[in-house]
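Working notes for the structure below.
The values are calculated or read from the model by the stated rules, or taken from the named source; none is laboratory data. Nothing here was measured: the structure is a model prediction, and the numbers come from that model. Virtual Cβ from ideal backbone geometry, glycine too; neighbours counted across all protein chains shown. Surface areas here come from the heavy atoms of the whole protein model, side chains and all, with no ligands, DNA or RNA. Shrake-Rupley method; radii C 1.70, N 1.55, O 1.52, S 1.80 Å.
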Amino acid sequence: MYTARVEEWFAAAHFLVNFHGKCENLHGHNYKVRVTVKGTELDEGGMLCDFGILKSALKDVFKELDHCNLNDVPFFSDGNPSAERIAEYIFIEMEKRLDIEPAALSLVEVFETEKHVASYSRQ
Ligand SMILES: Nc1nc2c(c(=O)[nH]1)N=C([C@H](O)[C@H](O)COP(=O)(O)OP(=O)(O)OP(=O)(O)O)CN2
Ligand SMILES: [Zn+2]
């Protein structure tokens, strides 16, 4: 199995409800997002998927998130914009944008800090 991975950053504000602590208040993060694709076949250039394709799709997804209050994004209207749900949202939006068969989107990881990370995958 091969994998290819890109990382990009966006900045956003959020607050958490049903969470007892300082994160109930509006605050911000510089989120690092890591996207991994996987597959068993390489193209004639020896690549699973051009990093540039992943990067531009991810930057397109960030247009809905960067410098926003994530609580105002419709996807989060029924729940918290936790790192887990941000990862789910990015996974869904990346799937819409990527046409990379026979490779496939494998994992989206969202880092609030280098020590705090949540992820979403289909398995
Ligand atoms: N599983 C998750 N846990 C938490 C999430 C999350 O998305 N998934 N999010 C938060 C908050 O966003 C919060 O901003 C981070 O919380 P906390 O670690 O308390 O804040 P600090 O980074 O400032 O940490 P200190 O050690 O207090 O400096 C919480 N949990
Ligand atoms: Zn937070």
DSSP-defined beta bridges in the chain - what % are antiparallel, rounded to 5
95 percent
Amide H proximity to CYS68 below 5 Å, modelled H, separation 5+ or other chain, gives ALA13
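Rounded to the nearest 0.05, what FRET efficiency is calculated for GLU24 and GLU101 with R0 set to 41 Å and r the Cβ-Cβ distance?
0.45
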Roughly how many percent of the accessible protein surface of the chain is carbon and sulfur, given a 1.4 Å probe and a whole-percent answer?
49 percent
Once every DSSP H run of n ≥ 4 in the chain is given -39500 (n - 2.57) and the sum is divided by its residues, what mean residue ellipticity at 222 nm do you get, rounded to the nearest 500 deg cm²/dmol?
-7000 deg cm²/dmol
Once phi for every residue in the range 44-53 is put through the Karplus expression 6.51 cos²θ - 1.76 cosθ + 1.60 (θ = phi - 60°), the whole-Hz ³J(HN,Hα) values, with Gly and Pro written as x, are 5, x, x, 10, 6, 6, 4, 3, x, 5
Would you mind getting the accessible area per residue of the range 2-120, heavy atoms of the protein chains only, 1.4 Å probe, in Å²?
57 Å²
Relative contact order computed over the chain (Cα-Cα under 8 Å; 6+ residues apart), in percent
31 percent
Step through the residues of the range 15-23 one at a time and calculate ³J(HN,Hα) from phi using the Karplus curve (6.51 cos²θ - 1.76 cosθ + 1.60, θ = phi - 60°), rounding each to whole Hz and writing x for Gly and Pro.
9, 10, 9, 6, 9, 9, x, 5, 6
Tell me, what ³J(HN,Hα) does each residue in the range 90-106 have, in order and in whole Hz, if you take phi through Karplus 6.51 cos²θ - 1.76 cosθ + 1.60 with θ = phi - 60° and put x for Gly and Pro?
5, 4, 4, 5, 5, 4, 5, 9, 9, 10, 10, 4, x, 6, 8, 5, 10
